[in-house]
Amino acid sequence: MTQFKANFDELEQIFNATVDGICVIDREFTILRMNDAFSAMTGISRETSPGKKCFEVMPKTACKIKHCPLNQLLITGKGFSTDITMTSGTNEQKYYILTVTPLFNADGQLIGIVKNLKDITERKRLEQQLITLNQTLEKRVNERTQELKDREAQLIHMLYTDSLTKLPNRLRLLRDVEKSQVPVVALINIDDFEQINNFYGYAKGDFILVHLAHLLADILPTSAYQLYRVHADEYAIFLDARRAANLPDVLDSFEQLAKQVTGIIPSNKFTNNQQEVQLRVTMGIAFTISDNPEKLVIKADIALREARSHRKPYLFFKESEGIDARYQDNIKWANLLQDAIKHDRIVPYFQPIYNHRHPHNQHYEVLARLIDNHGNIISPFQFINIAKTTRQYPAITKAIIEKSFSLFHDLPGEISINLDVEDMEDLPTTSLIQEQLAKYNIADRVVFEVLENHRLEGHTAAVQFLQTLKAAGCKLAVDDFGSGYSNFAYVLSLDFDYLKIDASLIKNIDKDSHSQTIVKSIVTFAQDMGIKTIAEFVHSESVFDAVKNCNIDFSQGYYIGKPGPWPVVI
């Protein structure tokens, strides 16, 4: 009996010491007993409540016998949990989890009910704080996203717009030509414009350029013809001829337009401050069914120069070589490339990248070179397109990866390697890269560069591979940033570590204030996002100094060092 009483007392102490509120009632809802915690939570007196119905003593509640949730237990014989809210004596809202457990006798008959109250007020408070915090963060993210979109729109406008005439610029022309299947381009150059600038001054020259832009826009027959300013004294007209019924009619209309332009402009006098200037222009026109956009503009320029040398107002570009000769040239390069791959004459060259913050840190870009059977070093610009067309491109990537990784695994510094979409979607190539990274354990010292104009929408495998490289510890760089779409959302989506600012924005940065403005905006965006910047085509001391003044992190170009075999001499 003494032992039983001791056990009972011990159970009583545990019952009263429990932080959760506990109340025992019979099947008629009569309170049998409760602990101190339950009394404190509900405000029900522990001494006077036994023998009373629970719904009679519950404070500030609308609970009635017929609505009591405990009826559920009487019907089903199963316990349950539910959230409840009660108001304390100080009118504070309190939140609890009510757990109801049935008590059965040996015959399985319900003889009582245990109600357990767990105070979750603090948890509710923290949940509400978290909701408020998330709402605040979401608002800030939305505001920041809109700021980035506005900045992106502003930079894209600056990248593709001539600041003087407000016309689309050369970059925009190349982009529009690239999107066209049958582009026609006419270049319009002002004759002897340098003499006009020297004689009348640059302010008068700018006035002429702006008013000539207005005059050309008025001459264009329809909105299908688009006008651009592509150079200081040069304009371009572009037409997407795929929308026309037939190409001969388009070329006839361009010839009529060329006659009109070269006839009307000399008859106009450009007057400013009572000074009249008469202009003459020369035009070169080119079209193609399928060609590189840069080459099409070059062809139009060749036609323009031919027209000027023959003292004609305009000329159409004509191929100087036949199609057969071009095919023979392609076959020659394909065979040369195949022979170089077969005899292991694809080699890596290394171009140094200067770190403005830490000059002693070493960083090199790896560039492919082909050695022909006479020992001549050939640049990839001469064979890379042939390699892609003849499906030999993966072999070049394989050679560069294996040789540069083997050389650099026990050397300090970082190396940057270009990746094409073809590389990232070629399973043998991606497998080789991962194998070489694991073999030499240099993932944290390798940067993979992706050209900005390689849009990755729809290239799921390529995006997934880039994410795999990031997860392995590699860094990613956007190459030639500013030469294509300059989509900042694209940069953020893949968590790039470097932006390599395109040569077109760097090569004249020491003289061109427009380039400086664009570059500084790109650097500000990159710094906000924690992305490092690299200036390409740093070819002189003055450009190098201008790059430093723009707060760019790295410089690359012939002023820093030319590409060469290892060891590199700077």
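The values are calculated or read from the model by the stated rules, or taken from the named source; none is laboratory data. Owing to the predicted nature of the structure, the values given are computational and were not obtained by experimental measurement. Because the Cβ atoms are built from the backbone with ideal geometry, glycine has one as well, and the counts that use them run over all protein chains shown. What goes into the accessible areas is simple: the full protein's heavy atoms, side chains included, and nothing from ligands, DNA or RNA. Shrake-Rupley method; radii C 1.70, N 1.55, O 1.52, S 1.80 Å.
The P(r) of region 393-460 has a tail past 16 Å containing 47 percent of all C-alpha pairs.
Counting only lysines at least 8 places from Lys53 when in the same chain, those with an alpha carbon closer than 20 Å to its own are Lys64, Lys66, Lys115.
For Thr161, the residues 5 or more places off, or on other chains, whose built amide H falls under 5 Å of its own are Asn169. Longest stretch of the chain clear of exposed loop sites (GluC sites (Glu not before Pro), DSSP loop, at most 12 other Cβ atoms within 10 Å, sites excluded): 93-318.
Could you provide, to the nearest whole Å², the per residue accessible area of the chain with probe 1.4 Å? Mind dumping the intermediate values first?
Details: 30750 Å² over 570 residues.
It amounts to 54 Å² per residue over the chain.
I'd like the Kirkwood hydrodynamic radius of region 310-440, using the inverse of the mean 1/r over distinct C-alpha pairs, in Å. Write down the numbers at each step before the final one.
On the way: mean 1/r = 0.0581 Å⁻¹.
The Cα-based Kirkwood calculation yields 17.2 Å.
Among beta bridges from DSSP that stay inside region 327-422, the antiparallel ones total about 70%.
Counting only complete DSSP H runs, which helices of the chain cover 18 Å or more along their long axis at the Cα atoms and score a mean Kyte-Doolittle of -0.5 or above? Before the final figure, lay out the partial values.
On the way: long enough: 2-17 (22 Å, -0.55); 121-159 (56 Å, -1.17); 202-219 (25 Å, 0.98); 247-267 (30 Å, 0.29); 293-309 (24 Å, -0.21); 323-342 (29 Å, -0.62); 393-408 (23 Å, 0.62); 427-440 (20 Å, -0.13); 513-528 (22 Å, 0.04).
Flagged H segments are 202-219, 247-267, 293-309, 393-408, 427-440, 513-528.
Can you give the extra length, in nm with one decimal, that the chain gains between Thr222 and Ile75 once fully stretched, where that is 0.36 nm per residue apart less the Cα-Cα distance?
On the way: separation 147, 0.36 × 147 = 52.92 nm, distance 8.24 nm.
Using 0.36 nm per residue and subtracting the Cα-Cα distance, I get 44.7 nm.
Taking each residue as 0.36 nm, the span from Leu130 to Asn441 lengthens on full extension beyond its C-alpha to C-alpha distance by 107.8 nm. Distance from the Cα centre of region 160-197 to that of region 365-419, in angstrom? Cα centroid of region 160-197 versus Cα centroid of region 365-419: 35 Å apart.
Label region 460-570 by shape, choosing from rounded, prolate and oblate, from the square roots a ≥ b ≥ c of the eigenvalues of the Cα gyration tensor; if a/c is under 1.5 it is rounded, and otherwise prolate applies when a/b is larger than b/c, oblate when it is not. Mind showing how you got there, number by number?
Details: a/c = 2.24, a/b = 1.33, b/c = 1.69.
Oblate shape, in that a/c is at least 1.5 and b/c is the bigger or equal ratio.
So what's the net charge close to Asp36: Lys and Arg +1, Asp and Glu -1, counting the other residues with Cβ under 14 Å from its Cβ?
Numbers: positive: Arg33, Arg46; negative: Glu12, Asp20, Glu47, Asp119.
Every neighbour counted, the sum reads -2.
Out of the DSSP beta bridges found with both residues in the chain, what percent are antiparallel (nearest 5)? The partial results should precede the final answer.
On the way: 63 of 89 bridges.
Here the antiparallel bridges make up roughly 70 percent for the chain.
Within the full protein context, the accessible area of His310 is estimated at about 110 Å² for a probe radius of 1.4 Å.
In terms of its C-alpha gyration tensor, region 122-265 comes out oblate, because a/c is 1.5 or above while a/b does not outweigh b/c. Per-residue surface analysis assigns Arg170 an accessible area of about 90 Å², computed on protein heavy atoms at 1.4 Å probe radius.
Taking a threshold of 29 Å on the Cα-Cα distance, which of the pairs Lys388/Lys500; Lys204/Lys507; Lys312/Lys388; Lys332/Lys398; Lys475/Lys548; Lys52/Lys124 fall above it? Among Lys388/Lys500; Lys204/Lys507; Lys312/Lys388; Lys332/Lys398; Lys475/Lys548; Lys52/Lys124, the Cα-Cα distance tops 29 Å for Lys312/Lys388; Lys52/Lys124.
Computed over the chain, the alpha-carbon pair-distance distribution with 10 angstrom bins reads 3, 12, 17, 16, 12, 8, 7, 8, 8, 6, 3, 1, 0, each value a whole percent. Along region 44-55 the Karplus relation, 6.51 cos²θ - 1.76 cosθ + 1.60 evaluated at θ = phi - 60°, assigns HN-Hα couplings of 8, 5, 6, 7, 9, 7, x, x, 9, 6, 5, 6 Hz to successive residues, with x for each Gly and Pro.
A simple rule links phi to the HN-Hα coupling: the Karplus curve 6.51 cos²θ - 1.76 cosθ + 1.60 with θ = phi - 60°, which for region 535-540 gives 8, 8, 6, 7, 10, 8 Hz, with x for Gly and Pro.
Just to confirm the filter: which trypsin sites (Lys or Arg not before Pro) across region 493-548 are DSSP coil and have at most 15 other Cβ within 10 angstrom of their Cβ?
On the way: sites: Lys500, Lys507, Lys511, Lys520, Lys532, Lys548; in loops: Lys507, Lys511.
Here the sparse-neighbourhood loop sites are Lys511.
So, in nm, how far is label Asn361 from label Arg144 when the simple model puts each one 7 Å beyond its Cα toward the Cβ? About 2.3 nm, to one decimal. Expressed as a whole percent, the accessible surface of the chain that belongs to carbon and sulfur atoms is 51, based on a 1.4 Å probe.
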